[in-house]
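To start, the structure itself, in structure tokens.
The values are calculated or read from the model by the stated rules, or taken from the named source; none is laboratory data. Predicted model only: the values in this text are computed from it and were never measured. A quick note on method: Cβ atoms are made from the backbone with ideal geometry, for glycine too, and the neighbour counts reach across all protein chains shown.
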Amino acid sequence: MKDPNRTSPLHENAVHESAWKHVTGRAQFVNDMPLPPHCLVSKIVVSPVAHGIIKQIDTSEALKVPGVVAVITAKDIPGVNDASSWAHDEELLASKEVNCIGQNIALVLGETYEACEEGAAKVKVDIDPLEAIIDIRDAIAKNSMLPGCHIIARGDLDEAWKNADFILEGEVESPGQEHWYLETHCAQAEVNEDNDVIIYASSQCPTGVQGKAAEILGIDASHVVCIMPRMGGGFGGKETQGAQYGGLAALGAWITRRPVRVWLNRDDDMAWSGKRHPFLSKYKAAFKNDGTILGLHVVSWANSGWAEDLSMCILDRCLYHLDGCYYIPALHFEGYTAKTNLPSNTAFRGFGGPQGFMVTETVLNRAARRLGMDPLDIRIKNYYGDAPRNMMQYETPLKNFRVPMMTDRVIKSARYWERKAEIDAFNAKSRYIKRGIGFMPVKFGISFTNTMLNQAGALVLVYTDGSVAINHGGSEMGQGLHTKMVTIASHNLGIKPEHIRLMNTRTDKVPNTSATAASSGTDLNGAAIKNACDQITARLRKVVAKHLDLAESDIDKIVFDNGLCLAPGKDPVDIVKVINWAYADRVQLSAAGYYATPDIYYDVDKGRGKPFAYYSYGVCVLEIELNTLTGEYQLRDVEAIHDVGDAIIPSIDRGQVEGAFAQGYGWLSCEELVWGADGSLKTHSPATYKIPTYGTIPEPEHFRLSLLEDATAEAVHGSKAVGEPPFVLALALVQALEHAIIACGEDPKKDPQIHWPATPESVLRAIYKQRGDL
Ligand code: MTE
Ligand code: MOS
């Protein structure tokens, strides 16, 4: 809540710090930086087969191409040949075995992209092909698994099966998704006179790029600086996978002693980089005839691609979200990461959460149909509630559960019941056009599931003219993190935002940073910035007390607000004057800030703990209209309420809710990845892979996303994380489509068979099956 005595920009709408630069094209991404003198560009030679053994790599013809300067292979790596985030299972440049189409084999460096392309085409790689596993079912059948298994269990499932009125069994498959960040992977590196390596990288984790480059070159991390101005989107795709391009650029620069830029064009980026993990889950669920769920057994497999990357953490988050918003007395959640010969799948907004939600929501829809119950009623019936119905699967009680209250609100504001009746009446009369309505409740855990990562640092420098430079460990990818950090610094220092300069994220300013991910960028870095500002203002307070002759008891009452220092019983003093008093008194005007999320822990072996600091909540009602002749459908209306706490900048959070919803809707509706049997991606360009566009989203009066006003405060300045949770709201589409498709058949109890993403082809098939024509 806005403090009426303060005029700082905290909790007020604001324009994203890069908005004007983005829309005018002035914003510089790594590939927009002018090439430094003597800079080499590059092309990566990748594996053309999904699995095989490298017999020979012949670079001689490539080196003869005019303009080609070097061709680098595994044997040229001075340090460790590894590009993985931590598992040490991904070679930077393949030396023996290749495990997917698109795996790096060689780096061609040259004066022009044309020369590099030609050179890359002339690198001869002799590979003995091996059997490849592409499909997740094939991986399960052949027990092709990465190490690790995670089980969360509690209660007595045998009792649940015994006491059940009915038991449902089945499978849920959720699809992959391409990140489609506007800026493709890019990094540039140079080596200076002291053998320091400076890397500009489009990465959510500059520390990861720094560490990897140092390891690859066999040098100290202190000799590597990674600078990250901004990304043109990351969405998880640059959490770990940017490191290999930073590493390649550093390797190229180290060997040639010339600056090197590594940049992927759109097709290469799509074909070679990891995506959202598709999941296959098998479930068995026990219900009473009143709709109460008694037990749920789920085994989930993530299609990890060829290497571990973040697969295990993503699987963890799936298991943590299989409960959805529901109290399930007896449960067994078990997960595996399947190894296939596809590019290694990676983080993507929601990080396994959406895949978990999809299972339980599908099960509830089936149970509701069987009982002739409304899908909304069965949800409300099973919501978490008062003890003992507040105990989550890892045996931590859920506090501040706002979803039931938000459900009440959205039912009323979206007129759920009235519209449902109107839609049924419409469907009864309309032969070819059918409508459907769906509802989705969200409870999304906030914190990195790897507890160690929940820490952040900041560096705040105050200059004597009253201007400020702030550094923090987070990275800006469009989500508005930098704008929020300026707002937090402005509020806590009492200096106007126009005098606060946000510096590029750099590993030589703030060390050992976590990736900006898990939606916790603001929670962690904002608290670290606040901590640094608090240290400085504590010092300034003492200076003010001395200069204004304040009583000891008045020191805490001093307020720094928007350029002024307000002390009890005194005239306001210009903050610049206070800063100069401090300088003259030789008081330090800079501070390093730090924050670690308190009170979170988890024991993977026992499946018990408190993995999340708190939960973000949301509810959504959406309506679609389906053309049953073509399978095409359109969003008619979306109403959502999302809990972002006391937003640092409400307008930016609103943008995140809208964007996340649209991306979730794209995942379920139009973004289809098609893989050939040989493991090649057939949909590697915007011509074949369809993302949601302007036309996907209804006009504002039919796209009403609001922020919950009386939210509970959980993180810095009462705010809550917002980046990923609203992605899950789009799962309301499952019910809405099922509703419309059921209206095409005769039997309202027959389960629709929708294969996701629900493209028009997929929907047409489901309609035919519903009618019994297929
Ligand atoms: N918003 C934009 N515009 N671009 C992005 O790449 N990434 C999302 C989300 N919102 C993303 C975005 C993902 S996956 C995460 S984890 C969060 O932003 C990360 O930023 P935050 O922690 O600062 O919210
Ligand atoms: Mo987001 S998937 O945690 O980068």
Subset of segment 697-746 that is in a strand (DSSP E or B) and small (Gly, Ala, Ser) - its residue that is farthest from ligand 2 (Cβ to nearest atom): Ser706
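To keep it simple, each residue is scored yes or no on (1) over 22 Å from Gly350 (Cβ atoms); (2) outside any loop (DSSP other than H, G, I, E, B); (3) within 16 Å of ligand 2 (Cβ to nearest atom).
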site: Phe444; (1), (2), (3): no, yes, yes
site: Met452; (1), (2), (3): no, yes, yes
site: Val460; (1), (2), (3): yes, yes, no
site: Gln479; (1), (2), (3): no, no, yes
site: Thr483; (1), (2), (3): yes, yes, no
site: Ser490; (1), (2), (3): yes, yes, no
site: Pro511; (1), (2), (3): yes, no, no
site: Ala515; (1), (2), (3): no, no, yes
site: Asn531; (1), (2), (3): yes, yes, no
Six or more apart or on different chains, Cβ under 6 Å: which pairs go from a residue in segment 503-522 that's away from ligand 1 (no atom under 15 Å from the Cβ) to one that's at pLDDT below 95 and not β-branched (Val, Ile, Thr)? Could you list them? Asn504/Pro229
Does Leu146 meet the test of being surrounded by 19 or more Cβ atoms within 10 Å (Cβ to Cβ) and not in a strand (DSSP E or B)? no
Of residues in segment 83-106 being among the polar types (S, T, N, Q) and either touching a residue at least 60 places away in the same chain (Cβ under 8 Å) or in a strand (DSSP E or B) (or both), the one surrounded by the fewest Cβ atoms within 10 Å (Cβ to Cβ): Ser84
Hey, among the residues in segment 400-414 that are assigned to a loop (DSSP other than H, G, I, E, B) and modelled with pLDDT of 95 or more, which one's farthest from the chain's Cα centre (by Cα)? Ala414
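Here's the yes/no breakdown for (1) over 25 Å from the mean Cα position of the chain (by Cα); (2) modelled with pLDDT of 95 or more; (3) not charged (D, E, K, R):
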site	(1), (2), (3)
Ile433	yes, yes, yes
Gly436	yes, yes, yes
Met440	no, yes, yes
Ser447	no, yes, yes
Thr451	no, no, yes
Asn454	no, yes, yes
Val460	yes, yes, yes
Asp465	yes, yes, no
His472	no, yes, yes
What strands (runs of 3 or more DSSP E), lying completely within segment 574-693, carry at least 1 residues that are within 16 Å of ligand 1 (Cβ to nearest atom) and either among the aliphatic types (A, V, I, L, M) or closer than 30 Å to Leu398 by Cβ (or both)? 590-596, 614-627, 633-642
One residue from Tyr283, Tyr336, Tyr326 being away from ligand 2 (no atom under 16 Å from the Cβ), touching a Cys at 6+ places or on another chain (Cβ under 6 Å), of a type in the set (Ser, Thr, Tyr) and over 23 Å from Glu183 (Cβ atoms): Tyr336
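Yes or no, residue by residue, for (1) within 16 Å of ligand 1 (Cβ to nearest atom); (2) small (Gly, Ala, Ser); (3) at negative phi:
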| residue | (1), (2), (3) |
| --- | --- |
| Ala164 | no, yes, yes |
| Val172 | no, no, yes |
| Pro175 | no, no, yes |
| Asn192 | no, no, yes |
| Pro229 | yes, no, yes |
Does Trp306 satisfy the condition of being of a type in the set (Phe, Trp, Tyr), touching a helix residue (DSSP H, G or I) at 6+ places or on another chain (Cβ under 8 Å), at pLDDT 95 or above and more than 16 Å from ligand 1 (Cβ to nearest atom)? no
It is to be established whether one or more residues within segment 314-330 are of a type in the set (Ser, Thr, Tyr) and within 16 Å of ligand 1 (Cβ to nearest atom). yes
Leading residue by the ranking (surrounded by the most Cβ atoms within 10 Å (Cβ to Cβ)) among those in segment 257-281 that are touching a Leu at 6+ places or on another chain (Cβ under 6 Å) and farther than 16 Å from Lys212 by Cα: Val260
Does segment 703-743 hold any residues that are small (Gly, Ala, Ser), away from ligand 1 (no atom under 12 Å from the Cβ) and buried (at least 21 other Cβ atoms within 10 Å of the Cβ), and which are they? Ala711, Ala730, Ala732, Ala736, Ala740, Ala743
Tell me which of these Gly246 doesn't satisfy, since it passes every other one: (1) in contact with a Lys or Arg (Cβ under 7 Å, 6 or more places away or on another chain); (2) in contact (Cβ under 8 Å) with a residue 60 or more places away in the chain; (3) more than 28 Å from Asn365 (Cβ to Cβ). (2)
Would you be able to tell me the number of residues in segment 58-82 that are surrounded by fewer than 17 Cβ atoms within 10 Å (Cβ to Cβ) and either modelled with pLDDT under 95 or not in a loop (DSSP other than H, G, I, E, B) (or both)? 6
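Every residue, every condition in (1) buried (at least 17 other Cβ atoms within 10 Å of the Cβ); (2) of a type in the set (Lys, Arg); (3) in contact (Cβ under 8 Å) with a residue 12 or more places away in the chain; (4) in contact with a helix residue (DSSP H, G or I) (Cβ under 9 Å, 6 or more places away or on another chain), yes or no:
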position: Val644; (1), (2), (3), (4): yes, no, yes, yes
position: Ala647; (1), (2), (3), (4): yes, no, yes, yes
position: Gln656; (1), (2), (3), (4): yes, no, yes, yes
position: Gly664; (1), (2), (3), (4): yes, no, yes, yes
position: Trp667; (1), (2), (3), (4): yes, no, yes, yes
position: Pro686; (1), (2), (3), (4): no, no, yes, yes
position: Gly695; (1), (2), (3), (4): no, no, no, no
position: Glu701; (1), (2), (3), (4): no, no, no, no
Failed condition for Leu109, given (1) of a type outside the set (D, E, K, R); (2) without any contact (Cβ under 8 Å) to a residue 24 or more places away in the chain; (3) buried (at least 20 other Cβ atoms within 10 Å of the Cβ), with all others met? (2)
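So that you can scan it fast, the table gives a plain yes or no per residue for (1) at positive phi; (2) among the hydroxyl-bearing types (Ser, Thr, Tyr); (3) in contact with a Cys (Cβ under 7 Å, 6 or more places away or on another chain):
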| residue | (1), (2), (3) |
| --- | --- |
| Asn492 | no, no, yes |
| Ile495 | no, no, no |
| Glu498 | no, no, no |
| Leu502 | no, no, no |
| Pro511 | no, no, no |
| Ser519 | yes, yes, no |
| Ile529 | no, no, no |
| Ala532 | no, no, no |
Among residues of segment 536-558 being among the β-branched types (Val, Ile, Thr) and free of Cβ contacts under 8 Å to residues at least 24 places away in the same chain, the residue nearest to Val462 (Cα to Cα) is Ile558
Only one of Ala596, Ala591 is within 23 Å of Val716 (Cβ to Cβ), surrounded by fewer than 17 Cβ atoms within 10 Å (Cβ to Cβ) and out of contact with any Pro (no Cβ under 8 Å at 6 or more places or on another chain); which? Ala596
Check His547 against each of (1) outside any loop (DSSP other than H, G, I, E, B); (2) loosely packed, with under 15 Cβ neighbours inside 10 Å; (3) more than 42 Å from the chain's Cα centre (by Cα); (4) not acidic (Asp, Glu) and name the one condition it does not meet. (2)
Surrounded by 15 or more Cβ atoms within 10 Å (Cβ to Cβ), closer than 30 Å to Thr505 by Cβ, hydroxyl-bearing (Ser, Thr, Tyr) and in contact with a Ser or Thr (Cβ under 6 Å, 6 or more places away or on another chain), is that true of Thr184? no
Restricted to segment 235-278, and to residues that are in a helix (DSSP H, G or I) and of a type in the set (Ser, Thr, Tyr), which residue is nearest to ligand 2 (Cβ to nearest atom)? Tyr245
